[in-house]
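Right, one structure below, let's go through it.
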Amino acid sequence: MRFEEELVELLPRLRRFARGLTRHQSDADDLCQAAIERALRSRDQWQSGTRLDSWMYRITRNLWIDERRAAGRRGVHTPIDDAVTQVAGEGAAEVEAGALRGDVDGAMARLPDEQREVAMLVLVEGYAYREAAEILEVPVGTVTSRLARGREALMFYLGEAA
Amino acid sequence: MSFDPATVAAFVDGELDDLTARRIEREAATDTALAAEIARHRALKARLKAHYAPIVEEAVPERLGALLVVDDEVDTSLVDRRSAARARFSGIHWGAIAASLIFGLTIGLRPWTPAADVAIDDGTLVAAGPLAEALDTQLASTQPSDAAVRIMLSFEDKTGRYCRSFESRAIDGIGCREQDRWQIERTLPGQTRGDYRQASSGELAAAAAAMMKRDALDAGGERAARDAGWVQH
């Protein structure tokens with residue numbers, strides 16, 4: 001199958017992954033657009049016969065990280081991601097979890113970026129740990145530990161029965 | 001429970017070797033704490049998958065599809081000129097793809113089928129009419145966002161049957177394939193009661209997760225199961 005055709009087939013899934021990363025529809029589609037443009041520019045770097053999906057997910061995720069870093073330099077603050085690391089006492093966390101029960105978007109928004117991207121790749125997109133590690137360019141052990149922390153947080157926010 | 005949390009999670013993710021996976025399955029049959037932990041992990045996965053599944057069914061915005069339409073009218077300034085020239089002979093026509101998809105789905109849904117969703121057959125509640133048709137043929141990965149019956153998750157249950165959770169206007173539930181028919185195992189009020197929507201999706205996903213033998217089928221697995229007539233081989 002031709003490069004563009006494969007990309008077209010991949011688009012619905014790529015939009016889902018981008019939505020998980022950015023958490024907003026228009027941001028996600030902007031990210032997809034940037035990823036497609038990057039892929040078309042660097043198509044020579046993709047080796048035919050290797051998996052286009054992993055390559056596209058990697059491009060998308062790296063563009064997102066670049067965007068987040070640039071936003072950080074511009075001083076755009078993202079307090080929501082810090083909330084998890086600064087637990088304000090168990091009582092407050094319980095109250096927050098209670099308010100979030102059933103709200104998958106809210107629960108995912110409270111994960112740090114590196115846990116959210118692993119949760120999207122493994123739990124939603126269904127990638128194997130090794131594949132997720134290749135997309136994220138980290139060791140498999142990093143994937144499993146981030147996934148374990150992300151899972152626990154999601155179960156906590158969404159309630160025991162998830 | 002003799003398995004650490006990481007191993008249980010790896011089991012649910014399909015990351016264990018067959019031998020260890022079988023040991024966990026065997027032990028879960030008698031160890032209720034282990035079984036509950038597995039169910040908790042499966043419920044989370046099912047919940048997340050169900051939550052993000054509708055995005056895949058959304059129409060892709062034209063501005064994205066247009067980037068991949070290769071013909072003379074498209075600005076290819078971002079694209080390597082050589083590859084554009086190479087590709088021009090077999091351009092993709094986004095509208096044609098969308099049109100053929102809609103056409104295929106319309107045929108699959110058979111809008112003229114009588115509109116009774118369930119029937120009693122030999123004392124058992126079974127899917128009928130459009131619901132049976134949707135359970136037989138409709139794929140979650142390709143169904144239109146306004147389909148009358150929406151297939152949520154397809155999976156193999158612990159007794160080896162294929163089951164599919166669905167939402168429709170009249171009824172939400174889970175149908176399991178048994179003797180050429182879809183036995184309705186769980187039911188919830190359908191979309192006519194707006195307030196129920198959020199709760200029922202979660203409840204349905206949790207009920208499905210509790211019935212699953214392993215993860216829900218992915219798009220490829222769902223298609224293969226349908227093509228095989230929903231019987232195990």
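The values are calculated or read from the model by the stated rules, or taken from the named source; none is laboratory data. Predicted model, so just to flag it, every value in this text is computed and none were measured. A quick note on method: Cβ atoms are made from the backbone with ideal geometry, for glycine too, and the neighbour counts reach across all protein chains shown.
Odds and ends about this structure:
- Within segment A:26-35, tally of residues that are more than 22 Å from A:GLY126 (Cβ to Cβ) and facing chain B (nearest Cβ under 10 Å): 4
- Residue count for segment B:125-153, restricted to those that are basic (Lys, Arg) and in contact with a Gly (Cβ under 7 Å, 6 or more places away or on another chain): 0
- Filter result for B:ALA59 (of a type in the set (A, V, I, L, M), at pLDDT 85 or above and touching a strand residue (DSSP E or B) at 6+ places or on another chain (Cβ under 9 Å)): no
- Selection status of A:ALA70, farther than 25 Å from A:THR144 by Cβ, assigned to a helix (DSSP H, G or I), small (Gly, Ala, Ser) and at pLDDT 90 or above: no
- The single condition among (1) farther than 23 Å from B:ALA219 by Cα; (2) in contact (Cβ under 8 Å) with a residue 60 or more places away in the chain that B:ARG42 does not meet is (1).
- Residue count for segment A:1-47, restricted to those that are of a type in the set (Lys, Arg) and either surrounded by fewer than 15 Cβ atoms within 10 Å (Cβ to Cβ) or over 24 Å from A:ARG116 (Cα atoms) (or both): 3.
- Those residues of segment A:44-67 which are among the small types (Gly, Ala, Ser) and part of a loop (DSSP other than H, G, I, E, B), in sequence order: A:GLY49
- Wholly within segment B:1-74, helices (runs of 4 or more DSSP H) carrying at least 2 residues that are farther than 24 Å from A:GLY20 by Cβ and aliphatic (A, V, I, L, M): B:18-30, B:32-57
- Of all residues in segment B:42-59, none satisfies being of a type in the set (D, E, K, R), more than 9 Å from chain A (Cβ to nearest Cβ) and buried (at least 16 other Cβ atoms within 10 Å of the Cβ).
- Every residue from segment A:1-25 that is assigned to a helix (DSSP H, G or I), touching a helix residue (DSSP H, G or I) at 6+ places or on another chain (Cβ under 8 Å) and within 8 Å of another protein chain (Cβ to nearest Cβ): A:PHE3, A:GLU4, A:LEU7, A:VAL8, A:LEU11, A:PRO12, A:ARG13, A:ARG15, A:ARG16, A:ARG19, A:GLY20
- Whichever residue in segment A:36-67 is within 15 Å of the chain's Cα centre (by Cα) and charged (D, E, K, R) and, among such residues, is nearest to the other protein chains (Cβ to nearest Cβ): A:ASP53
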